[in-house]
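Right, one structure below, let's go through it.
The values are calculated or read from the model by the stated rules, or taken from the named source; none is laboratory data. All figures in this text were calculated on a predicted structure; none of them were measured in a lab. Please note: Cβ atoms are built from the backbone with ideal geometry, for glycine as well, and neighbour counts cover all protein chains shown.
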Amino acid sequence: MRANGVDEKFITGKETFDWEKFEKWAETVPYTLRNPLYHWTHLELKTAFGISETLNPASAKRIYEKCNELLATPEYSARGLMRRYNVESVCTTDDPIDTLEYHKAIADSGFEVKVLPTWRPDKAMNVTTAAEYRAYLEKLSQASGVTISKFDDLVEALKVRHQYFADHGCKLADHGLADIPAADYTMAEISAIFDKVYGGNELTKEEKTKGNYPLQACRGIGVRIAPTI
């Protein structure tokens with residue numbers, strides 16, 4: 001949609017309504033021919049809603065109203081659609097500080113489809129902004145019960161939360177890395193870099209690369225944690 005020149009307010013904006021966003025997508029679909037999105041869109045309309053009509057500006061309103069009519073029925077609830085497609089397991093993406101309360105509620109409800117958490121600790125390695133990182137670590141500390149003031153505390157807090165995830169059925173990890181830097185480092189350097197950013201000081205580009213952000217100290221965190229996933 002962005003490549004097609006659609007204004008961001010029709011993509012992620014909160015000031016626009018669902019229909020307005022759908023209408024802009026319908027305007028974009030004809031330009032996605034030979035892109036998987038074109039086929040996925042029509043495959044979903046066909047298999048889920050029984051709609052064979054091509055989505056475009058002329059058909060958008062009819063398709064939108066038909067889909068919403070069906071979505072209002074029990075068969076088209078989230079659980080209904082999972083049953084329709086014979087889904088056996090769903091793995092969500094969750095931050096180490098997430099309570100996983102809804103995973104427990106779903107499991108306790110007797111729903112036959114497994115809904116399991118996936119471990120994604122990206123924020124624990126994101127030091128783009130020192131203040132935001134410190135705020136995240138305070139939440140991690142509260143969630144884990146581990147007072148975080150040095151790098152080893154961070155590792156311990158993640159271990160505690162990792163075990164919590166495992167206790168709730170987590171078997172998978174999911175990492176979103178924009179790049180994979182490579183730099184030699186020592187654990188003394190890692191600790192010093194952590195102390196610097198934890199103290200509210202912005203890191204240099206070299207420190208971000210050498211430190212545990214996004215990958216180097218993942219060796220210090222992930223290797224001690226990931227094997228049990």
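Give just the number: which of (1) exposed (fewer than 15 other Cβ atoms within 10 Å of the Cβ); (2) within 26 Å of I190 (Cβ to Cβ); (3) polar (S, T, N, Q) does S109 not satisfy?
Against the list (1) exposed (fewer than 15 other Cβ atoms within 10 Å of the Cβ); (2) within 26 Å of I190 (Cβ to Cβ); (3) polar (S, T, N, Q), S109 comes up short only on (2).
Determine whether L43 is under 28 Å from F111 (Cα atoms), surrounded by fewer than 15 Cβ atoms within 10 Å (Cβ to Cβ) and not hydroxyl-bearing (S, T, Y).
The answer is yes for L43.
Considering only residues that are farther than 13 Å from G200 by Cβ and basic (K, R), look in the stretch 129-155 and name the one that is modelled with the highest pLDDT.
K139
Anything in the stretch 53-68 that is more than 15 Å from E20 (Cα to Cα) and either in contact with a His (Cβ under 8 Å, 6 or more places away or on another chain) or not assigned by TED's automatic domain parsing to the domain that holds E20 (or both)? List them, or say none.
Residue satisfying the conditions is T54 alone.
What's the number of the condition A105 fails, among (1) more than 30 Å from E156 (Cβ to Cβ); (2) at pLDDT 95 or above; (3) hydrophobic (A, V, I, L, M, F, W, C)?
Every condition holds for A105 apart from (1).
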